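Chemist: After the structure tokens below, expect a handful of questions from me.
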Amino acid sequence: MASPKTSTLPQRSVYLEPFAAWPRATDSAWCPALRQSGLEHFEQAGLPTTQDEDWRFTPLTPFTRLPFRPLLNPPALLPSLEQLDHLTFGRQDGPRLVFVDGHLAPALSRVGELPEGVFLAGLSECARPGGEPLPAELGQYVPPTDSAFAALNAAYFTDGVILRVPPETAIQTPIRLVHITTAPEAGSAAHLRHFIQVGRGSQLTVIGMCVSLTGAAHVTNLVTELAVEEGARLEWVSFQDENPAAVHLATLGGTFGKSSQAWLHSFALGSRLSRTNIRTHLGGPGLECVLNGLYLTRNQQLADHHMIVEHAAPHCASHEYFNGILDDRSRGVFHGRILVRQAAQKTDAKQTNKNILLSDEAQVNTKPQLEIYADDVKCTHGATIGQLDEDCIFYLRARGLGLESARQLLIHAFAGEIIERVQHESVREELDHLIRQRLEQNPHLHVEGSPEHV
Amino acid sequence: MSDIILEICNLHASVENKPILKGVDLVLRAGEVHAIMGPNGSGKSTLSAVLAGREEYQVTAGQIRYGGKDLLEMAPEERAREGLFLAFQYPVEIPGVNSAYFLKAALNEIRKHRGQPQLDAMEFLTLVKEKMKLLDLREDFLKRPVNESFSGGEKKRNEIVQMAVLEPRLAVLDETDSGLDIDALKVVSAGVNRLKLPTTAQLVITHYQRLLNYIVPDFVHVLSDGRIVRSGGKELAHELEARGYEWLLKTELQPA
């Protein structure tokens, strides 16, 4: 099935060559088997095209037209601490690990005081002679087979975090993983892989944020593997605000134990192309897993969320809430697959995807996919695509609010439905403030001429 | 004679090019309560929509003066800031917009327009809680999104709470009685009556006479096929209740 589209793809070898010359590829401290398997899977499968069902609405051109320059060495120059302060969440207290161009920057990071037994370190620190061996679980929750990008990540990951929280330990302050790209060359690609384990009955909030300190069309390929044990509570906040030329590829995969609670948030604001894969394996009874996302796109941006929620145990609840606000010629893609195994009786799975289009040219493709093998389950899904509700606007104006204020209030409320699910108060407030500002800057929410008279 | 608040002259209005109002004349003075009654399809809701400024209703002839100004030249928000209030027949639910935040923003827009200082959160809460008590509405409504998961009766009471907070010069109540049980009707009417002042006017639009037992009008007008076909005192409402619209419409058709 050779089509013009596939024939214009770069040769697979482009993505394989840097590996051959990289000493770490065979370094026994750096999971050579996982790397090799990643490389082989990529070699076999290659990059997906829009002929692949899972990539039907997401052309990879912004990625394939770039050269492939994996960032295998740390940058010569680090950003300053002041630059970090000005980033979103820059002033939050607590531990933070800062990765610059795919490598941990200890000078910018601080672990601070953590409860006894908590292990937090960069992979690069562990892989040093005499360091902690890398977790055997790497590659287990996001295997190279998940996608071409998970495979590339397995081959090329240069760093990441290992975070293990022992049983019955609550960490109140969010732990921040800050990913910054500074590389000035187009196609510079950072590959990071995190492993986070939340022990039985423990509690953890993690922010994973990605930003650019470069205008170049760089690539972030981020894999996060989660193991949430019985009765644990995890809140994961992904915040992606990279430059409008960037390509962001993220895969979050996790397994969740009995009676655990997880909130996995994805805020996609930046990048020319972003694809977020979320795979959750609900493996213990009575757990609750919330996937909650917001994408704001404009110009030529495309934001794609691709979820697979696997119910493998009875009495579990999964809720997916994704709202999109799309402007100009931008595009949103939502794909939510819910797989209910035969054992997963009394499953309660809910999925909603709502979109507001601020321009006639913006476009959304939304696709629910239910696959149910148990007979006593409740699964619902719904999707909407539309403009701001005219009746609501009129109601607000009839109470004295100007047209512009009314539109702002409604659009902010729409984003607020997602933001308010963030459990951690200071994180929620900062997101709320930032997103309100972004929306207020949007020229399409302003009224032409005088704001008062229309 | 006291000041004229609203003056409607020969108003014609259409929806989707279908004429609905065909020459309405009406004058409301300060201190007066007027009731507009009429069968379904007579144009009652169109009249309230035109007064509030809904864009899908086209005024094809006539004029409306409000407080001496040309009402039809004003955007809906300007009308509200000038003290015109429409209690909606079907208040819309606005997901995600907190009731307290919304009402405070509305009140402060109106206060700004009047040259009054803005209320801060504490001052606003004190004011709104007092008004809610009068309408028998629980305080936790303030924390909920506007009208979301409110019952029909709660939505109507919420409209009157808003009216009490915004203190309009002209209140238009569009079928406020629909969907209310008798107890709720009494509470809502008492709330509306308390807002009657020598300087304000109320226009009560209703299908049934029932509401007018509690909100007693000074004048009753009967709207039929887009025109006011009969005006009178409050006894006209009782007569309609006893004899039905059919009686009136029949007698109107035959010249006296």
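No value in this document is a laboratory result; all are computed from the given coordinates. Predicted, not measured: the structure shown is a model, and the values here were computed from it. Every residue, glycine among them, receives a Cβ derived from its backbone with ideal geometry; neighbour counts consider all protein chains shown.
Chemist: At 7 Å along Cα-to-Cβ for each site, give me the label-to-label distance between residue A:93 and residue B:207 in nm.
Modeler: Going from the residue A:93 label point to the residue B:207 one covers 6.1 nm.
Chemist: Quick check of the Kirkwood formula: for the stretch B:65-193, what is the inverse mean of 1/r over all pairs of different Cα atoms, in Å?
Modeler: This gives a value of 15.2 Å.
Chemist: Suppose a student asked you for the relative contact order of chain A, using Cα pairs under 8 Å spaced at least 6 residues apart; what percent would you report?
Modeler: 9 percent
Chemist: Count the DSSP beta bridges whose two residues both fall in chain A, then state the antiparallel fraction as a percent rounded to the nearest 5.
Modeler: 5 percent
Chemist: Let me ask another. Most exposed first by the Cβ proxy, i.e. fewest other Cβ within 10 Å, how do A:162, B:182, B:5 rank?
Modeler: Ranking A:162, B:182, B:5 by Cβ neighbours within 10 Å, fewest first, gives B:182, A:162, B:5.
Chemist: For chain B, what is the relative contact order in percent, using Cα pairs closer than 8 Å and at least 6 residues apart in sequence?
Modeler: Numbers: 454 pairs, mean separation 69.7, N = 256.
Relative contact order of chain B: 27 percent.
Chemist: Taking chain B as a Gaussian network, Cα atoms linked when under 10 Å apart, which of B:148, B:73, B:246 shows the biggest mean-square fluctuation?
Modeler: The residue with the greatest mean-square fluctuation here is B:246.
Chemist: At a Förster radius of 45 Å, what calculated FRET efficiency corresponds to the Cβ-Cβ distance of residue A:438 and residue B:72, to the nearest 0.05?
Modeler: Between residue A:438 and residue B:72 the formula returns 0.75.
Chemist: Going by Cα centres, the stretch A:76-141 and the stretch B:186-235 are how many Å apart?
Modeler: Taking the Cα centre of each part, the stretch A:76-141 and the stretch B:186-235 sit 70 Å apart.
Chemist: Additional query: Where q = 0.07, 0.09 Å⁻¹, what log10 of I(q)/I(0) comes from the Debye formula for the protein assembly as shown, counting one point per Cα?
Modeler: Taking Cα atoms of the protein assembly as shown as identical point scatterers yields -0.60, -0.85.
Chemist: Tilt of helix A:425-441 relative to the longest C-alpha principal axis of chain A, in degrees (0 to 90, nearest 10)?
Modeler: Taking Cα atoms only, the helix is inclined about 60 degrees.
Chemist: For the stretch A:4-282, what ratio Rg/Rh do Cα atoms give with a Kirkwood hydrodynamic radius? Present the calculation step by step, with values, prior to reporting the outcome.
Modeler: Working: Rg = 17.9 Å, Rh = 18.9 Å.
So for the stretch A:4-282, dividing Rg by the Kirkwood Rh gives 0.95.
Chemist: Would you kindly work out the equivalent ellipsoid of chain B from its C-alpha gyration tensor and give its semi-axes, the square roots of five times the eigenvalues, largest first in whole Å?
Modeler: They are 31, 21, 17 Å, listed from largest to smallest.
Chemist: Taking chain A as the reference, fit the longest principal axis to its C-alpha atoms, fit the long axis of helix A:403-419 to the helix C-alpha atoms, and give the angle between the two in degrees, 0 to 90, nearest 10.
Modeler: Once rounded, one gets 30 degrees.
Chemist: Between residue A:380 and residue B:130, what is the FRET efficiency for a Förster distance of 35 Å, r being their Cβ-Cβ separation, to the nearest 0.05?
Modeler: Calculated value: 0.25.
Chemist: log10 I(q)/I(0), Debye, Cα-only the stretch A:60-130, no solvent, q = 0.21, 0.23, 0.26 Å⁻¹?
Modeler: Log-scaled intensity ratios, in q order: -1.04, -1.12, -1.23.
Chemist: Do me a favour and compute the ellipsoid semi-axes for the stretch A:389-454 from its Cα gyration tensor, root of five times each eigenvalue, largest one first, whole Å.
Modeler: The three semi-axes for the stretch A:389-454 are 25, 14, 8 Å.
Chemist: Moving to a separate point now. Would you kindly state how much longer the chain becomes between residue A:329 and residue A:28 on full extension, computed as 0.36 nm times their sequence separation minus their alpha carbon distance, in nm to one decimal?
Modeler: The residue A:329-residue A:28 span can extend by a further 103.6 nm.
Chemist: Then there's this: Just for chain B, what percent of DSSP beta bridges are antiparallel, to the closest 5?
Modeler: Approximately 60 percent, going by the DSSP bridge assignments.
Chemist: Just the Kirkwood number for the stretch B:25-121, please: inverse of mean 1/r across all distinct Cα pairs, in Å, one decimal. All intermediate terms of the calculation are to be shown ahead of the outcome.
Modeler: Numbers: mean 1/r = 0.0637 Å⁻¹.
Answer for the stretch B:25-121: a Kirkwood hydrodynamic radius of 15.7 Å.
Chemist: Oh, and also: Mind giving me the FRET efficiency for residue A:145 and residue B:138? R0 is 60 Å, r the Cβ-Cβ distance, nearest 0.05 is fine. Intermediate results must be reported in sequence, preceding the final value.
Modeler: Numbers: r = 55 Å, r/R0 = 0.91.
Using R0 = 60 Å, I get an efficiency of 0.65.
Chemist: Nearest 10 degrees is fine. How inclined is helix B:99-113 to the longest principal axis of chain B, computing both from alpha carbons?
Modeler: Compared with the principal axis, the helix lies near 70 degrees.
Chemist: Classify the stretch A:78-211 as rounded, prolate or oblate, taking a ≥ b ≥ c as the square roots of the eigenvalues of its Cα gyration tensor: rounded when a/c is under 1.5, otherwise prolate if a/b is larger than b/c and oblate if not.
Modeler: Since a/c reaches 1.5 but b/c is at least a/b, the shape of the stretch A:78-211 is classed as oblate.
Chemist: Mean residue ellipticity at 222 nm from the helices of the protein assembly as shown, using -39,500 (n - 2.57) per DSSP H segment of n ≥ 4 over the full residue count, to the nearest 500 deg cm²/dmol?
Modeler: Working: 17 runs with 181 residues, N = 710.
Dividing the helical sum by the residues of the protein assembly as shown leaves -7500 deg cm²/dmol.
Chemist: May I pose another question? If I model the stretch B:140-226 as equal point scatterers sitting on the Cα atoms and use the Debye formula, what is log10 I(q)/I(0) at q = 0.11, 0.12, 0.14, 0.23 Å⁻¹?
Modeler: Each listed q corresponds, in turn, to -0.32, -0.38, -0.51, -1.23.
Chemist: Return, ordered by residue number, the residues of the stretch A:103-138 whose backbone nitrogen is under 13 Å from a label point located 7 Å along Cα→Cβ of residue A:83.
Modeler: Counting only backbone N, you get A:105, A:108.
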